[in-house]
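Here the structure is laid out as structure tokens; the discussion comes afterwards.
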Amino acid sequence: MSRNKVTVIGAGNVGATTAQRIAEAGLADVVLVDIVEGLPQGKGLDLAEAAPVVGHDSRITGTNDYADTAGSDIVVVTSGLARQPGMSRDDLLVKNAGIVRAVVEQAAKHSPDAILIIVTNPLDAMCHVALSASGFPRERVLGMAGVLDSARFRTFIAEELGVSVEDTHAFVLGGHGDTMVPLSRYSTVAGVPITELLPPDRVKALEERTANGGAEVVALLKTGSAFYAPAASTFEMVDAILRDRKRVLPCAVLLKGEFKTNDLFVGVPVVLGRAGIEKVFEIELTADEQAAFDKSAAAVQELVDKLG
Ligand code: APR
């Protein structure tokens with residue numbers, strides 16, 4: 001059996017940490033790509049030299065040449081700019097769209113059967129760019145956001161109730177932004193909805209902290225954004241796909257009528273397996289939840305429209 005191959009584009013904080021997780025789990029050989037000369041090669045070499053100590057046989061290499069990524073099973077896209085002082089959200093949107101388009105065109109040419117996992121922000125809009133740049137079917141283009149947002153919600157729920165994160169499950173739908181929709185009714189501890197375990201004001205506080213989870217980390221770091229939890233979340237998706245686990249995970253996916261939404265990438269639960277998105281896991285929303293979902297979808301649509 002040949003080894004799995006995963007390309008990670010962008011050898012920055014999220015990309016390098018994702019590469020480390022994949023390699024150290026022995027899940028696949030990893031190719032790190034960046035536009036900066038020497039950066040992916042240096043991090044690749046450093047990670048490879050950790051292998052004897054950690055004890056795995058994954059090959060990790062770094063490159064600036066997409067020919068080295070040929071035949072990848074999965075391509076993870078983390079390349080892009082983080083928001084700088086004085087920069088509008090629109091600037092970030094347009095600049096990262098250019099970067100995502102360029103790298104996906106190259107990667108898709110060399111790995112026409114790959115599954116694309118997009119991590120670059122603004123996430124949902126970048127998925128649209130990747131879909132068009134690759135020409136791939138919707139089953140093979142997905143965005144990492146919901147796993148991260150749910151992980152943040154789980155962290156806060158477990159902390160609030162003093163229980164293990166392992167017994168805590170959370171459900172977050174919608175776009176990866178301020179309008180995301182934490183679904184408390186479906187967020188549980190040992191199967192019991194948190195709405196039965198916590199007063200409404202506490203539930204609301206945890207939902208709000210989840211929606212601001214990224215900003216909370218940025219405010220503390222000051223010079224960058226979160227990467228440990230984003231990398232762990234990306235790894236979980238890679239693992240679900242390569243091991244064909246049929247995990248039910250929230251991912252950004254191009255909706256085709258599901259959740260009353262059409263032709264838009266928004267976060268919803270999907271079944272993830274070797275074919276990528278194997279099924280959109282549709283659930284019944286209350287009128288309030290659907291309204292919050294629609295509002296979140298409208299925010300994504302606005303960014304997509306700006307890209308033209
Ligand atoms: N091709 C390849 N790599 C590129 C390109 C390009 N055209 N443009 C930028 N890069 C690389 C940068 O050189 C840098 O090494 O992308 C990397 C980004 O790394 P960081 O600046 O450390 O950013 P990071 O924290 O990893 O976040 C990357 O993921 O979570 C999102 O919002 C975040 O959009 C951001 C992305």
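What to note about this one:
- When we screen T210, T195, T234 for residues that are open to solvent by less than 80 Å² (accessible area, probe 1.4 Å) and more than 21 Å from the chain's Cα centre (by Cα), the only hit is T195.
- Annotation note: Cβ proximity below 6 Å between a residue of region 186-205 that is on the phi < 0 side of the Ramachandran plot and a residue that is part of a loop (DSSP other than H, G, I, E, B) and among the small types (G, A, S) (sequence gap 6+ or interchain) occurs for S187/A170; I194/S187.
- Meets criteria (over 17 Å from the mean Cα position of the chain (by Cα), open to solvent by 10 Å² or more (accessible area, probe 1.4 Å), more than 16 Å from the ligand (Cβ to nearest atom) and of a type outside the set (A, V, I, L, M, F, W, C)) for D29: yes
- Checking I241 against (1) closer than 25 Å to L131 by Cα; (2) open to solvent by 10 Å² or more (accessible area, probe 1.4 Å); (3) not basic (K, R), the condition it does not meet: (2)
- Residue check, K43 more than 10 Å from the ligand (Cβ to nearest atom), open to solvent by less than 70 Å² (accessible area, probe 1.4 Å) and under 22 Å from the mean Cα position of the chain (by Cα): no
Table: residues versus (1) at pLDDT below 95; (2) more than 16 Å from the ligand (Cβ to nearest atom).
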residue: F171; (1), (2): yes, yes
residue: H176; (1), (2): yes, no
residue: T188; (1), (2): no, yes
residue: V192; (1), (2): no, yes
residue: T195; (1), (2): no, yes
residue: L198; (1), (2): no, yes
residue: V203; (1), (2): no, yes
residue: N212; (1), (2): yes, no
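- Of all residues in region 240-259, those that are in the same structural domain as K279 (by TED's automatic domain parsing) have Cβ atoms under 9 Å from Cβ atoms of residues that are open to solvent by 70 Å² or more (accessible area, probe 1.4 Å) and of a type in the set (S, T, N, Q), 6 or more apart or on another chain, in L255/N262; K256/N262.
The values are calculated or read from the model by the stated rules, or taken from the named source; none is laboratory data. Remember, it's a predicted structure, so these values are computed and weren't measured experimentally. Positions of Cβ are generated from backbone atoms using ideal geometry, with glycine treated the same way; all protein chains shown enter the neighbour counts. With ligands, DNA and RNA removed, areas are computed over all heavy atoms of the protein, side chains included. Shrake-Rupley method; radii C 1.70, N 1.55, O 1.52, S 1.80 Å.
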